[in-house]
Every structure is written in C-alpha cells, then in structure tokens.
Amino acid sequence: MKPIFSLFVAVAVIASCSAPVKEGGLQHATPESMGMNSQKLNQIDREVARAIEEGNVPGCVVSVVRGDKIVFLKAYGNKQVVPDTIPMTTGTIFDLASVSKCVGTTLSFMQLVENGYVRLSDDVDMYIPEFQPWVDPATGKKVDITVQDVMTHSSGLSPYIATASYLERFGENSPDSLIWHIAHEIKRNFRPKTDYMYSCLNFVTVQNILQNITGEKLCDYAEKNVFGALGLKHTGYMPKERHPEWLPLIAPSEMQPDGECLLGEVHDPLARLANGGNSGNAGVFSNCEDLSVICAAIMNGGAVGGKRILSPLTVETMATVPSDNDPWIGRALGWDNRSEAAGLRGDLFSRTRTICHTGYTGTSIIMDLDSKTAVIILAHRVHPVDKGGTGKLRARIANIVAGSIENLEK
C-alpha cells in the first residue's frame, strides 16, 4: 500500500471555496467565518485521492455547507474516462440514483402532506385502488400498508422487480403496468411497521400516490414546486429529453453492451426501462451547487434565501423516526436516520439528528440538523463499469467535516 500522503498527485482540484457565486446558488464563505477549520477540511483531499488511486471512483465533487453558506467545494479527478478523458469540474451534473428518493420524491410529497392532501397514516389503497395488504399467514388477518410504511421502508414490499421477466411480460416504458404489478403481485414480506426492507418499489408507490392526487407527473411537479421554487438551474429529470443543453455538463455512467456510456439517462433499470425515466426511486440529475441549496433549505427549516419549500414543522416530521415503527428500523420519512445503512454519517455527527441517503451510482448527502452542516459527495463509481465503492470514503469525509467544526453556534 502506498503512503497516504503520496496520493495527493491523483487529485485534480478544479475549484475551491473561492469559486464565484452563481445565480440561484448559495454564497461561498471561508470555513473560519462559519466556525470551521479550513486546514482540517483540506484533509478531504487525501481521502478522495486514495479513492481515485484505488480505482473506486474516476473522480468526484465534494461540497460542505454550514448554515446557508458553501464553505468547501472542490472537484477531483475526471468526469469521463471513456472514450476520452475529461477533467471533473464543480459544475458537473450527476445521476443521483436513490438520492432522488429524498430530494425529488420526498420533498415533493411532504408538500402534499403539509397542504392537507394526504396524511401519513392514510392507507395506500385510498390513493392506489386495490393496493394489496399484508396477510398474516397464520391467521389470514389483513393489515393495510400506510403512506408512512412506504416512506420508511417498513411496508414489507420486496426490494425490486425481476426486471428481465417484467420487461418480457409488460414491455418498456410501462408505468401503469408497473404500479399495477406492485399493487397486486409484489410480495409483502412482513407485517408493516415491524421490520425494515429497503425497497425501490416503496418510492414508486409514493410517486403514484402523488401523481394520483395532483394529476401531474412527479418530474413535472418536482421541477416546478421544489427545484424551480428554489431557483435551481441544473436539477431535474430526463435531461436527454427535457434538458439537452445540460448534456455537456453531465458525468456519463455505465458503458452499455453497444459500447456507449449512458449520458443523460438514469442508470437504474427500473426507472429507465420500466418507468420511462419519471420514477420515484431514481431519476434526478443535479450538481453540488444545486444540492447545497436544497440542504441549506432543509437545515434552515424549509427555506433559504427567501424561498420556502416546506414549513419548519414539516421538516422536523420528515427528519424524525416515527414512534409507532419498531425502534430498530431507524428510518425517517424518505431519509435514513439511524438504520443499519446509516454508516455514511461517520462517527461524530449527531446519532439522532442526522439524516442521510446514498445513491447506487456513488452519490450521497449527509445533514446534521443540530450543527446545520451538510456533506454532499457526487461520484460516478459506475463509470465506465459497475465496480468500486464509496462507503469508506463517505464515512471518512463525514468525520473530517465533523471534526473541523470549532463553533457549534454558527
């Protein structure tokens, strides 16, 4: 193993906290002005360099937000390595994968909750007719699945569809068939609220509840009421179709059998092939500066820069583990809090007041609501092939950022 400090040569730093402020983005500030230590934050360079050297990612962008300011923003390595090598920039747009569940589906859905269109305790079959309950195999008793259950992954729905057999049976871009399949045929593995099984199908269900209530596609609703409301310029769904001007900024993902890498199309097969790109489980594309705005809004009670997307009490509810779920589950609404998958938050951030989520492609968000500190890592570990990993990188960077905080009052 090479000495850690020798790995700095692998890092290409494109921009730092001195980057200019873009329209619709957060202001940049020095770490010291926000109660943080810049020398400690610069240790992030070492950990990213190690990840690149070990082949876990071709490159990434890291942003750290404190309060309503960006205090650290750097690009490392390469945006693309096939067919040509192109350096990473801080403006690179990534396929967020399952981070879409949080910033797209959850933020949109919580607006419906706070506006009185739906309750978390409502049964799913109020909005998706004939959505099947869990049936006790011993007694035959039926227990309905609620909105809260699907949002906390305590519904018992199986994690995913059998993609190949589904496509053979229903064909591509078949969203109506997909939700019918989930409602009627997907296995319910346990009594709701008693166990935890992370499932993309939960958030396709949430998507369809939202669409049935609003009469709008999720992609249209989120781009107007969340991303547009915050003034974001590079966050949305299906950029190849809806935002082709973004394509030069997008980091490609996995190489396909035809030798071409996915670009501007969601990597997740369920979202791309079955749900046509408009999907509750994946499909949002964004960059670090836009996600920094989203994090600042959440950490500051639902608003930033005079633009509000949620009320403070809605944010508090979203970030809280429901009291009627089995305590070990540890999932908040749309976000992880303290489940067995929450290791990305590291060792130092609050055990109960930190919410986080990962994406299969290599993306992640961590927010400590007590210290109002967010860590955003956007990577594309699936480019050009699906390998590598960012688990250790996420947790180590989280510890570095938490350790750099010298004033909790900022």
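The values are calculated or read from the model by the stated rules, or taken from the named source; none is laboratory data. Nothing here was measured: the structure is a model prediction, and the numbers come from that model. So basically every Cβ, Gly included, is an ideal-geometry build from the backbone, and we count neighbours across all protein chains shown. For accessibility, only protein heavy atoms count, side chains too; no ligands or nucleic acids. Shrake-Rupley method; radii C 1.70, N 1.55, O 1.52, S 1.80 Å.
Rounded to the nearest whole Hz, the Karplus-based 3J(HN,Hα) values (6.51 cos²θ - 1.76 cosθ + 1.60, θ = phi - 60°) of region 234-247 follow the sequence 9, 10, x, 9, 6, x, 4, 9, 9, 9, x, 5, 7, 3, with x at glycine and proline. Computed with a 1.4 Å probe over protein heavy atoms only, the accessible surface of region 101-223 comes to 41 Å² per residue.
Over 19 Å between C-alpha atoms is what I'm after, so list which of Lys69/Lys307; Lys101/Lys217; Lys74/Lys387 land there.
Working: Lys69/Lys307 15 Å; Lys101/Lys217 15 Å; Lys74/Lys387 23 Å.
Pairs exceeding 19 Å: Lys74/Lys387.
For region 61-122, what is the charge dipole size about the Cα centre, in debye to the nearest 20, if Lys and Arg each add +1 at the Cβ and Asp and Glu each add -1 at the Cβ? Please list the in-between numbers first.
Details: 6 positive and 5 negative charges, 46 e Å.
Result for region 61-122 is approximately 220 debye, rounded to the nearest 20.
Apolar share of the accessible surface for the chain: 51 percent from carbon plus sulfur atoms, 1.4 Å probe.
Report the relative contact order of region 251-293, percent, no decimals, based on alpha-carbon pairs under 8 angstrom and at least 6 residues apart. It would help to have the intermediate numbers written out before the result.
Working: 35 pairs, mean separation 10.3, N = 43.
Reported as a whole number, the value is 24 percent.
Pull out a ≥ b ≥ c, the square roots of the eigenvalues of the alpha-carbon gyration tensor of region 170-278, then state rounded if a/c is under 1.5, prolate if not and a/b is larger than b/c, and oblate in the remaining case. Don't skip to the answer; put the middle values down first.
Values: a/c = 2.00, a/b = 1.37, b/c = 1.46.
Taking the square roots of the gyration eigenvalues as a ≥ b ≥ c, region 170-278 is oblate.
Within 10 Å, count the other beta carbons around each residue, average over each peptide in 189-200, 286-297, and list them highest first. Intermediate results must be reported in sequence, preceding the final value.
On the way: 189-200: 18.3, 286-297: 25.8.
Going by the mean number of other Cβ atoms within 10 Å, highest first, we get 286-297, 189-200.
On a 0 to 90° scale, report how tilted helix 44-53 is relative to the longest principal axis of the chain, with both axes built from alpha carbons and the result rounded to the nearest 10. The two axes meet at around 80 degrees.
Hey, can you find the accessible area per residue of region 315-410 for me, probe 1.4 Å, expressed in square angstrom?
Values: 3550 Å² over 96 residues.
Per-residue accessible area for region 315-410 comes out at 37 Å².
Charged neighbours of Trp335, selected by a Cβ distance under 13 Å, balance to +2 (K, R count +1; D, E count -1). If you take every residue apart from Pro192 with its C-beta less than 14 Å away from the C-beta of Pro192, what net charge results, scoring Lys and Arg +1 and Asp and Glu -1? Its environment carries a net charge of -2.
If contacts are Cα pairs under 8 angstrom and at least 6 residues apart, what is the relative contact order of region 326-370 in percent? The partial results should precede the final answer.
Numbers: 59 pairs, mean separation 13.3, N = 45.
Result for region 326-370 is 30 percent.
Across the chain, C-alpha contacts under 8 Å between residues 6 or more apart give a mean separation that, scaled by the residue count, equals a relative contact order of 23 percent. Converting the Cα gyration tensor eigenvalues of region 288-410 into ellipsoid dimensions via √(5λ) gives semi-axes, longest first, of 23, 18, 16 Å. Electrostatic bookkeeping for Ala271 treats Lys and Arg as +1 and Asp and Glu as -1; over the other residues with beta carbon under 15 Å from its beta carbon, the sum is -1.
Please give the charge dipole size of the chain, origin at the Cα centre, charges +1 on K and R Cβ atoms and -1 on D and E Cβ atoms. Round to the nearest 20 debye.
Values: 38 positive and 45 negative charges, 201 e Å.
It works out to roughly 960 debye.
In the chain, the DSSP-assigned H stretches of four residues or longer account for a calculated mean residue ellipticity at 222 nm of -7000 deg cm²/dmol, using -39500 (n - 2.57) per stretch and the full residue count as denominator.
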